[in-house]
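Only one structure is covered here, and it is reproduced in the block below.
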Amino acid sequence: MPKVLVLYYSSYGHIETMAQAVAEGARGAGAQVDIKRVPETVPLEVAKASHFKLDQAAPVAAIDDLANYDAIVVGTGTRFGRMSSQMAAFLDQAGGLWMRGALNGKVGAAFASTATQHGGQETTLFSIIINLMHFGMTIVGLPYSHQGQMNVEEIVGGAPYGATTVAGGDGSRRPTEIDLAGARHQGELVAKTAAKLFG
């Protein structure tokens, strides 16, 4: 049974919801799954004033946790077309893991959220994927077996590089069922890939 970590940062709960869907898909494919979040770096008073979702159930990860999993799926909202500084600050602490090759050959994947349809979904995914490739990980995207990303009748997330959702400029739009189906499918594919590699 492969061990999968869904590691995320979520200011307003969109990525938290997507993380739960990724985990659901991975569990459905037989994986043991943990959901953890990275530490908040914004001062508490600023986070409260900005209406961040501070009541998230997932425990906060430590960098050394990453070595304990066969697969790591990383999710974050975008900041100007790249991963959030909170996620970047966390991954920047992984120099020791990189030096000893602790993540070489493990499965990696990315998911993301943006305010708008064209607000950097793919570049945010790639900013995560680049990190994972430097760690030596084998990348699983979101292939067109998730047909929902082909939908042009409504606003949908999803790209061949990972599951995504569109939050809206004021954060009021929640992940759609199509977006969540993409996240579940990616989680399933990550678990199946890890099982093949480490089964």
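Remark: Val42 falls outside the filter, which requires a residue to be in contact (Cβ under 8 Å) with a residue 40 or more places away in the chain and either buried (at least 20 other Cβ atoms within 10 Å of the Cβ) or assigned to a strand (DSSP E or B) (or both). For Thr76, are the conditions met, namely being among the polar types (S, T, N, Q), under 19 Å from Ala61 (Cβ atoms) and either at pLDDT 95 or above or crowded, with 21+ Cβ neighbours inside 10 Å (or both)? Spelling it out, Thr76 is indeed among the polar types (S, T, N, Q), under 19 Å from Ala61 (Cβ atoms) and either at pLDDT 95 or above or crowded, with 21+ Cβ neighbours inside 10 Å (or both). Run Met1 past the list (1) in a loop (DSSP other than H, G, I, E, B); (2) surrounded by 14 or more Cβ atoms within 10 Å (Cβ to Cβ) and report the number of the one that doesn't hold. All conditions are met except number (2). Can you confirm whether Ala167 is buried (at least 20 other Cβ atoms within 10 Å of the Cβ), touching a Gly at 6+ places or on another chain (Cβ under 8 Å) and farther than 18 Å from Ala26 by Cβ? The answer is yes for Ala167.
Considering only residues in segment 88-113 that are of a type in the set (A, V, I, L, M, F, W, C) and closer than 23 Å to Glu188 by Cα, the one that is surrounded by the fewest Cβ atoms within 10 Å (Cβ to Cβ) turns out to be Leu103.
Quick check on segment 50-85: of everything there that is out of contact with any helix residue (DSSP H, G or I) (no Cβ under 8 Å at 6 or more places or on another chain) and not in a loop (DSSP other than H, G, I, E, B), which residue is nearest to Lys36 (Cα to Cα)? Residue satisfying both the conditions and the ranking: Val60. Would you call Thr124 surrounded by 23 or more Cβ atoms within 10 Å (Cβ to Cβ), within 25 Å of Val60 (Cβ to Cβ) and touching a helix residue (DSSP H, G or I) at 6+ places or on another chain (Cβ under 9 Å)? Here the answer is no, as Thr124 does not meet what is asked.
Just so you know, in segment 14-32 the residues that are touching a residue at least 60 places away in the same chain (Cβ under 8 Å) and not in a helix (DSSP H, G or I) include one that is nearest to Leu103 (Cα to Cα), and it is Ala31.
Taking segment 90-136, which residues are in contact (Cβ under 8 Å) with a residue 60 or more places away in the chain and on the phi > 0 side of the Ramachandran plot? The one that is in contact (Cβ under 8 Å) with a residue 60 or more places away in the chain and on the phi > 0 side of the Ramachandran plot: Gly105.
When you look at Leu132, is it surrounded by 20 or more Cβ atoms within 10 Å (Cβ to Cβ) and not in a strand (DSSP E or B), yes or no? Yes; evaluated as a whole, the condition is true for this residue. When the criteria are applied in full, Ser85 fails the requirement of being out of contact with any Cys (no Cβ under 6 Å at 6 or more places or on another chain), farther than 15 Å from Leu125 by Cβ and at pLDDT below 95.
The values are calculated or read from the model by the stated rules, or taken from the named source; none is laboratory data. Only a predicted model underlies this, so the values are computations on that prediction, with no experimental measurement involved. Here Cβ is always computed from backbone atoms with ideal geometry, including for glycine, and neighbour counts include all displayed protein chains.
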